[in-house]
1. Can you tell me which residue is farthest from the chain's Cα centre (by Cα) among those in region 249-296 that are polar (S, T, N, Q) and farther than 18 Å from Leu437 by Cα?
2. Output the number of residues of region 29-62 satisfying the condition of being touching a strand residue (DSSP E or B) at 6+ places or on another chain (Cβ under 7 Å) and open to solvent by less than 60 Å² (accessible area, probe 1.4 Å).
3. Please go through region 112-121 and pick out each residue that is surrounded by 23 or more Cβ atoms within 10 Å (Cβ to Cβ) and in a loop (DSSP other than H, G, I, E, B).
4. For region 154-190, which residues satisfy the criterion of being charged (D, E, K, R), surrounded by fewer than 24 Cβ atoms within 10 Å (Cβ to Cβ) and either within 17 Å of Glu8 (Cα to Cα) or over 18 Å from the mean Cα position of the chain (by Cα) (or both)?
5. If I ask for residues that are without any contact (Cβ under 8 Å) to a residue 24 or more places away in the chain, among the β-branched types (Val, Ile, Thr) and in a loop (DSSP other than H, G, I, E, B), which ones from region 1-24 would you list?
6. Where the second residue is open to solvent by 10 Å² or more (accessible area, probe 1.4 Å) and the first is of a type in the set (Phe, Trp, Tyr) and lies in region 405-433, which pairs have Cβ atoms under 6 Å and are six or more apart or on separate chains?
7. Quick one: which of Ala89, Ala43 is outside any helix (DSSP H, G or I), under 37 Å from the mean Cα position of the chain (by Cα) and farther than 30 Å from Asp161 by Cα?
8. Being in a strand (DSSP E or B), in contact with an Asp or Glu (Cβ under 8 Å, 6 or more places away or on another chain) and under 22 Å from Glu364 (Cβ atoms) is the filter here, so list the residues in region 286-337 that pass it.
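The values are calculated or read from the model by the stated rules, or taken from the named source; none is laboratory data. For clarity, every value in this text was computed on a predicted model and none was experimentally measured. Cβ sites come from the backbone with ideal geometry, for glycine too, and all protein chains shown count toward neighbours. Accessible surface is based on the protein model in full, side chains and every heavy atom, while ligands, DNA and RNA are left aside. Shrake-Rupley method; radii C 1.70, N 1.55, O 1.52, S 1.80 Å.
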Amino acid sequence: MFVLTAAEMREVDRRTVELGIPDAVLMENAGHRVVELLAENFAPLHRQRIVVLCGKGNNGGDGIVVARQLFTRFRPASLDVVVAGEEPANMASLRACGFTAISREIEPRMRAATILIDALLGTGLTGPPREPYASLIGEINSGFPAAKVVAVDIPSGLASDFAHTPWDHVHADATVTFTASKLGQVLDSGASACGELRVAPIGSPESICVSRTRVIEPGDFAPLLAPRPRTGHKGSFGHVLVIGGAPGKTGAAAMAGLSALRAGAGLVTVASSEEALAEIGAHAPELMTDVLPEYGHFRDVAAGKTVFAAGPGMGVHRHRGDFLRRMLADNDVPTVIDADGLNNIAPADLPRGRRLILTPHPGEMSRLIEKPVAEIQADRIATARAFAVEHDVLLVLKGFRTIVAMPSGEIWINPTGGPAMATGGAGDILTGLTAGLVAQYPDRWQLAAVAAVWLHGCAGDRAAEALGEKTVIATDLLRYLPAAFDAARDTT
């Protein structure tokens, strides 16, 4: 599902009108989509007390359509329209159907509303709302104690192109956005401000709704969910080599290895120091192990391996960095680098033209590019895209709404996952899951990385549903990974 900026959305609307679908039809369709959500979520509507707040632009015109359809089709217990500023489009048609409850301000009796329709401001906002909108946004957020807030296209005041909106904006219970989701609705705090986000078609052809940014959907990686051939065997599904697991940190390498197995890799070997191997074997008897005392032996260990996963529990040391630099320079094997693998190298060590997947959290990203975490978080998409393009890698910038940046500059935003996954070892699970999927689909390694991020988050969501957000630990993600695969198949 593509994600559009405000400018891209304006261009889609312009081209739609140019193709022969007038603004009036788009507005009517938009209002109808909002009423559909209201009818589904808040039936019976004839018992509801509804207030519609409308601005002067197209967003306000959409709100007037909502009010007219509610009045003519459902006759709510009470229905009021509050108009801020100039009258929006469609007012004549609202009055023509006999509706008269139109005012210029919120009256005390309206505060008993059960549903509040926010149609004040649309996607074109680039700065703090002015009056009277700023005051009305405050009223929406605090002046209607019993009301559910439904936003038309975008919560008023929310900046459609920003990950963070640094001024007051509406916090909705549900948002019906049109044609495609907008950046500010799927990133960081904006995602929470939208509540339930529904993307509704209003007539624009899908062929013109394209962007370099999209939200991951299971249908995107459906080919990776196909049943295995009946004649397949463990050698058919790749062999992952996990490199890590220093003494005291062996659990990280073991979790990565087990995750690769659970993802479907046929074989997994964990290579580490001799003193760490016994601990790793105790963690997981399904894993094979090999000693990795020096780089000279690595060629023997790496023979026949389909994917490398370097970093979990590796430890930070100069000789580890030397090892990784030689490994990257000498081998053309798909490689996932995480955790201490990232802490032992610099961007200059990354060879171009290889299948490299880096999975930093913001702190690791900060060290890689020598910028403060706050600067990275302020524009995660730009940060991830710039690094991926400059260094010809696939970058997974972890966090709420994880960003997957392709070497081409294409961005995928992950909608799954939540605070339950804020636990040690969750990143090691993602490393192994990514490596396990790439091992099975080395020719589709980018799509495998996208799938791994979605499935990882979905497993976290399923674990949180079953166990509660505070009690999930990393290995619970392995327990619920089969449910995540099932969820992906069910939605394709």
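1. From region 249-296, those polar (S, T, N, Q) are 250, 259, 269, 272-273, 289; that's our starting set.
Retained after the next criterion (residues that are farther than 18 Å from Leu437 by Cα): 250, 272-273, 289.
Working: Thr250: 31, Ser272: 34, Ser273: 37, Thr289: 35 Å.
By that ranking, first place goes to Ser273.
2. Of the residues in region 29-62, 16 are touching a strand residue (DSSP E or B) at 6+ places or on another chain (Cβ under 7 Å) and open to solvent by less than 60 Å² (accessible area, probe 1.4 Å).
3. The answer is Ala113, Leu120, Leu121.
4. Of everything in region 154-190, those that are charged (D, E, K, R), surrounded by fewer than 24 Cβ atoms within 10 Å (Cβ to Cβ) and either within 17 Å of Glu8 (Cα to Cα) or over 18 Å from the mean Cα position of the chain (by Cα) (or both) turn out to be Asp161, Asp168, Asp173.
5. none
6. Taking only residues 6 or more apart or on different chains, the pairs are Trp412/Arg214.
7. The unique qualifying residue is Ala43.
8. Within region 286-337, Ala309, Ala310 qualify.
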